[in-house]
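Undergrad: Below is a structure I'd like to ask you about.
The values are calculated or read from the model by the stated rules, or taken from the named source; none is laboratory data. Keep in mind that this is a model prediction, so the values were computed, not measured. Reconstructed Cβ throughout: ideal geometry from the backbone, glycine too, with neighbour counts over all protein chains shown. To get the accessible areas, we keep the full protein, side chains included, count just its heavy atoms, and leave off ligands, DNA and RNA. Shrake-Rupley method; radii C 1.70, N 1.55, O 1.52, S 1.80 Å.
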Amino acid sequence: MPDKANNPLEGVIAFIQKRVDNDPFAFLGIKKKLCSLGAKVGSRINKETTHVIFQRKLQASIDEKTIEDYDLTKIYQKVERVN
């Protein structure tokens with residue numbers, strides 16, 4: 001039986017959407033934290049994906065917000081296709 005106290009995210013397979021500015025530190029920080037809590041991080045959305053993490057850029061410009069909204073719409077479409 002998994003130790004939920006040390007691995008509370010055991011069984012979670014997450015997909016992390018990269019930020020609009022492609023900040024590698026934000027992506028790697030989230031990935032490292034998820035893995036340390038017992039989750040696995042996938043490189044794409046598939047049938048095994050249980051969670052999707054979408055991170056918005058703080059103080060994004062109007063153009064960046066538009067791109068983020070488009071990216072979020074694409075994620076919803078991918079999830080619908082997978083299911």
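Undergrad: Ignoring ligands, DNA and RNA, what percent of the accessible area of the chain is carbon or sulfur (1.4 Å)?
TA: On the way: 3400 of 6210 Å².
The nonpolar share, carbon plus sulfur, comes to 55 percent.
Undergrad: What distance in nm separates the simple spin-label points at D21 and K57, each placed 7 Å from Cα in the Cβ direction?
TA: Roughly 0.6 nm, to one decimal.
Undergrad: Which value, in nm² and rounded to one decimal, describes the direction-averaged projected area of the C-alpha convex hull of the chain?
TA: With the hull built on Cα positions only, its mean projection is 6.1 nm².
Undergrad: Relative to the present Cα-Cα distance, how much length would full extension add between K31 and E10 at 0.36 nm per residue of separation? Each step should come with its number before you reach the end.
TA: Working: separation 21, 0.36 × 21 = 7.56 nm, distance 1.41 nm.
Roughly 6.1 nm would be gained on extension.
Undergrad: Just to confirm the filter: which GluC sites (Glu not before Pro) across the stretch 25-83 are DSSP coil and have at most 13 other Cβ within 10 angstrom of their Cβ?
TA: Numbers: sites: E48, E64, E68, E80; in loops: E48.
Those that pass, being in a loop and sparsely packed, are E48.
Undergrad: Same structure again: Grab the chain and count how many Lys pairs have their alpha-carbon atoms under 16 Å apart, sequence gap of 8 or more, or different chains.
TA: 14
Undergrad: Can you work out the accessible area per residue across the stretch 15-55, with the rest of the protein chains kept in place, probe 1.4 Å, in square angstrom?
TA: Details: 2740 Å² over 41 residues.
Value returned for the stretch 15-55: 67 Å² of accessible area per residue.
Undergrad: To the nearest 10 degrees, how steep is helix 24-36 against the longest Cα principal axis of the chain, on a 0 to 90 scale?
TA: So the inclination is approximately 20 degrees.
Undergrad: Using alpha carbons only, how many angstrom separate the centre of the stretch 37-75 from the centre of the stretch 4-25?
TA: Comparing the Cα centres of the stretch 37-75 and the stretch 4-25, I get a distance of 10 Å.
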